[in-house]
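Computed from the coordinates by the stated procedures, all read-outs in this text should not be read as laboratory data. Here the structure is a predicted model, which means the values were calculated and not measured. Here Cβ is always computed from backbone atoms with ideal geometry, including for glycine, and neighbour counts include all displayed protein chains.
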Amino acid sequence: MNCIFGIDIGGTEIKIGKFHYDKLLLKTSIKTDVSDQGKRILADVFNKIDELSQGDNIVGIGVGVPGPVVKGVVNGCQNLGWGIVEAEAIIKERYPDARVRVLNDANVAAIGEMAAGSAQKYRDFVMVTLGTGIGGGIVINGEVYEGATGAGGEIGHIQILNAKQRRCNCGKFDCFEKYASATGLVTTALELMQGRETKLHDLEVSSKNIFDLAKTGDEVALAAVNQMVDVLAGTLGNIAAALNPEAFVIGGGVSKAGSFLLDKLVAKFREVAFYPVADTEFVLASLGNDAGIYGAAYVARK
Ligand SMILES: [Zn+2]
């Protein structure tokens, strides 16, 4: 039997899916060994592939990594301890008969939603992952847009203010993700709750609690959510004006707020976006943490 492996390498865990064409046969995960500059990561992946292939003919291996990638070369990856790693060539050397693709993890997640999730009817869309930070994947004509240095889709670092208010991990100030990620929402709530009455004073100020309280009408929580929505709508409106995608696919932990967030976001977007792009569709991602293995398998299959 022919099989394809879809692999999503994260900073703590490596998810591995074995597929027969587009059908997921099994999935498993191993720990990411980041010691010694991550030198053992690919060897560990190879061992697991060999164990799981069980004599099947490996025709494709797709891999997502948490760093910029251009044409199969990883351009530095802090979470794994990697510098420049020619990952596609290394994997190809070990599995010369397989079709091998290595892409950025946010990009393979976007492709995964197109392959098996809520973006199946789109070929031009932007995936927006709202978690601790904000990740993005730009898909044009069914293909990931990597950009010249692999930073294509890094929408979390669009600067939305010029006020030097919130410093980002990237070293700059006032990046999109400092305002519209889970972390950004918490920062905003902590600012707004000073000297004001809110049930947030009795709870852990987490993104989930802020959304839950906002739904009950807590004014401070609602104000924090609304600020987040304003930034999201404005920035996605700008992205839409540049790319004019068919849709935005919203994923990540924050998207668990579901229709409460999406309805607000869509309403605000329609209001603020440039008129020819104001009807851009919005959908919630549906594959969760499995998007990466589906996308990795898809790009290795094509
Ligand atoms: Zn930044």
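Values computed for the structure shown
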| item | result |
| --- | --- |
| DSSP beta bridge pairing in the range 120-286, given as percent antiparallel to the nearest 5 | 55 percent |
| Residue among Asn226, Asn289, Val45 farthest towards the positive dipole end of the chain, charges placed on Cβ | Val45 |
| Helix-derived mean residue ellipticity, 222 nm - over the chain, DSSP H n ≥ 4, -39500 (n - 2.57), to 500 | -11000 deg cm²/dmol |
| Intensity falloff of the chain expressed as log10 I(q)/I(0), Debye formula with alpha-carbon point scatterers, at q = 0.14 Å⁻¹ | -1.03 |
| The range 123-242, Cα convex hull volume normalised per residue, Å³ | 116 Å³ |
| Degrees separating the helix 291-301 axis from the principal Cα axis of the chain, which is the longest one | 40 degrees |
| Mean separation of Cα contacts under 8 Å (6+ apart) over length of the chain, as relative contact order % | 22 percent |
| Cβ crowding within 10 Å averaged over residues, with 33-44, 144-155, 110-121 ranked highest first | 110-121, 144-155, 33-44 |
| Separation between Cα centres of the range 232-302 and the range 98-159, rounded to whole Å | 11 Å |
| Cα long-axis angle, helix 259-272 against the chain (0 to 90 degrees, to the nearest 10) | 70 degrees |
| The chain, dipole about Cα centre (Lys/Arg Cβ +1, Asp/Glu Cβ -1), debye to the nearest 20 | 220 debye |
| Value of relative contact order over the range 120-286, rounded to a whole percent, pairs C-alpha under 8 Å and six or more apart | 22 percent |
| Degrees, to the nearest 10: 219-243 long Cα axis against longest axis of the chain | 50 degrees |
| Local electrostatic count at Gly184 - Lys and Arg +1, Asp and Glu -1, tallied over other residues with Cβ under 10 Å | +1 |
| Signed unit charges on C-beta, dipole axis of the range 60-219, positive-most listed residue Val205, Cys168, Tyr145 | Tyr145 |
| Highest-first arrangement of 206-217, 176-187, 222-233, where packing means the average Cβ count within 10 Å | 176-187, 222-233, 206-217 |
